[in-house]
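Undergrad: I'd like to ask some things about the structure below.
Computed from the coordinates by the stated procedures, all read-outs in this text should not be read as laboratory data. All figures in this text were calculated on a predicted structure; none of them were measured in a lab.
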């Protein structure tokens, strides 16, 4: 399927994710949900030889595109001053990451890069949960594994991220 056919199927979901990402953002945060979704669409539409396997796949890749946009935006906004408080990831009930502090998005992105080197599937689970807002069952279906496996990985991932983010913060 093409992005032009898939986008109408997932637009509302991507827009809801974008609103959730940007809810509670600092007052001077100028990125708007509609802009975030449209930027993600442009990234997806410009991919040559993309083999979209359906709505869920397109939604997952759209979430990844929004992650990249949020990270780029956070990098552009990053203050000269280094982190002054502890790194805290505010996660909603569906695993959606709060973008209140751009430094949190950058710290998570760095941690995900490290995790991807060690275990790319666990990094994908984080991306789908935090940035895609997918629940455990949806992640399991997308990855073709059991819900129990995703739950076990999620338990490990949360502990690993806590350790990784606290070590990175102490080292800055």
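Undergrad: How much length is gained if the chain between residue 48 and residue 30 is pulled fully straight, taking 0.36 nm per residue apart and subtracting their Cα-Cα distance, in nm to one decimal?
TA: So the extension gain works out to 3.5 nm.
Undergrad: Bin width 10 Å, alpha-carbon pairs only: give the P(r) of segment 122-164 as whole percents, running from 0 to the bin holding the largest distance.
TA: Calculated P(r), rounded to whole percents: 31, 59, 9.
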